[in-house]
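Comments concern the structure below.
The values are calculated or read from the model by the stated rules, or taken from the named source; none is laboratory data. Remember, it's a predicted structure, so these values are computed and weren't measured experimentally. FYI the Cβ positions are ideal-geometry reconstructions off the backbone, even for glycines, and counts take in every protein chain you see. The area values use the complete protein model at the heavy-atom level, side chains included, leaving out ligands, DNA and RNA. Shrake-Rupley method; radii C 1.70, N 1.55, O 1.52, S 1.80 Å.
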Amino acid sequence: MNSCPWIPNVRKTIAIYNLQEADSKEVKEIDAGYSGIEPNMMKDDNQKEFSPEESKMDSPFAMFAQCISHIISLITPGNASKLSSTYPAFKSVVDSDSVWEKFLLSDYKTIISISSFSTSSLVTSLSKKKLYFHLCYNPILINNNTMSFALDHESGKKCYMVGARGLSITWGSSPQHWKWLSLPESRFPEVAELKLVWCFEIMARIETKMLSSKTNYATYLVFKFVETREGFETRPIEFDVYFEGNDTHKMHSALLDPPANMPQLSLNRRDGCMEIGMGEFFNENGDDGAVICRVCESEPTPKCGIIIEGIELRLKNGR
């Protein structure tokens with residue numbers, strides 16, 4: 001007896017979305033499991049999507065839904081979202097909680113539970129797909145409002161920003177040198193504005209177990225200038241990103257506020273701040289240890305007029 005008519009669509013789905021994990025072996029398992037289904041028992045997947053009622057039935061439709069759900073869970077969340085619009089017949093399966101629960105982190109409920117606001121209703125009221133994208137585009141505050149957490153929208157991996165209150169800032173507790181203030185556009189309750197220092201040094205320490213394993217991360221200093229500033233246009237700032245206890249790391253330097261005739265390395269962000277790359281690292285397993293992200297200067301010079309939002313860690317090129 002012939003295989004189901006939708007098997008070629010499954011193969012097409014695998015080919016289109018580069019589903020390396022579900023290759024010919026996966027397709028053979030599908031063929032073997034559903035080769036006894038009569039072609040006229042299946043719907044025309046170009047005409048109608050499978051309803052939730054049908055997917056719950058003990059029928060070929062339920063088996064179809066389970067099969068597609070398993071395959072979709074092996075591709076990236078970004079591609080799963082594209083697949084929902086590309087193949088309307090798959091929409092109810094692709095958008096189901098059973099699929100998006102697998103894309104959410106295994107500890108997402110724990111992370112949400114320690115956020116700075118009540119989110120129990122967030123977990124229960126949103127579908128898993130809506131919750132996934134909420135966490136991608138609406139970072140939540142954790143660790144007593146000193147960090148923010150978000151998901152990378154394409155891969156579902158962890159991204160963080162260490163806010164100013166979570167950083168180690170030299171002279172940060174001295175009102176003569178730093179001023180703490182609230183800005184309506186900031187995600188954090190407080191940011192740090194530099195009044196005047198001769199020793200400019202900022203450091204973030206992030207435990208690797210908090211991060212996604214097998215992942216390339218890039219780090220960024222997130223900041224903005226006030227109208228009157230000094231010292232950042234003539235003296236380069238040094239950046240250092242390394243694993244704690246590793247003495248082989250290399251620093252690099254850049255001007256935060258270069259003159260108009262020099263390249264501008266800082267980029268404008270949608271949140272009104274600027275960012276500049278500090279460095280990159282690969283988090284292998286993340287079982288133990290910490291990553292140090294450090295901003296400093298080689299020669300002390302008077303500096304003022306910068307507002308520090310935080311240091312952000314996000315995926316390098318989405319990987």
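So here's what we get for this one:
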| quantity | calculated |
| --- | --- |
| Region 187-219 - residue that is touching an Asp or Glu at 6+ places or on another chain (Cβ under 9 Å) and among the small types (Gly, Ala, Ser) and, of those, nearest to residue 308 (Cα to Cα) | 192 |
| Matching option when the condition is closer than 20 Å to residue 179 by Cβ, of a type in the set (S, T, N, Q) and over 16 Å from the mean Cα position of the chain (by Cα), among 228, 234, 248 | 228 |
| Pairs where the first residue, in region 169-180, is on the phi > 0 side of the Ramachandran plot and aromatic (Phe, Trp, Tyr) and the second is at pLDDT 95 or above and part of a strand (DSSP E or B), C-beta under 6 Å, 6+ apart | 171/197 |
| Matching residues, region 175-194, being open to solvent by 20 Å² or more (accessible area, probe 1.4 Å) and farther than 16 Å from residue 142 by Cα | 175, 176, 177, 179, 180, 181, 182, 183, 184, 185, 193 |
| Contacts under 6 angstrom Cβ, first residue in region 292-310 being under 17 Å from residue 251 (Cα atoms), partner among the basic types (Lys, Arg), 6 or more apart | 292/205 |
| Single residue of 306, 276 found to be buried (at least 21 other Cβ atoms within 10 Å of the Cβ) and either in a strand (DSSP E or B) or not small (Gly, Ala, Ser) (or both) | 306 |
| Given (1) open to solvent by 70 Å² or more (accessible area, probe 1.4 Å); (2) within 15 Å of the chain's Cα centre (by Cα); (3) over 26 Å from residue 308 (Cα atoms), index of the condition residue 137 fails | (3) |
| Hits in region 77-109 - residues which are out of contact with any Gly (no Cβ under 7 Å at 6 or more places or on another chain) and of a type in the set (Phe, Trp, Tyr) | 87, 90, 100, 108 |
| Helices (runs of 4 or more DSSP H) (entirely within region 70-130) containing at least 2 residues that are closer than 20 Å to residue 155 by Cβ and modelled with pLDDT of 85 or more | 97-103, 108-113 |
| Condition broken by residue 173, with the remaining ones in (1) more than 22 Å from the chain's Cα centre (by Cα); (2) at pLDDT 95 or above; (3) assigned to a strand (DSSP E or B); (4) of a type in the set (Ser, Thr, Tyr) satisfied | (3) |
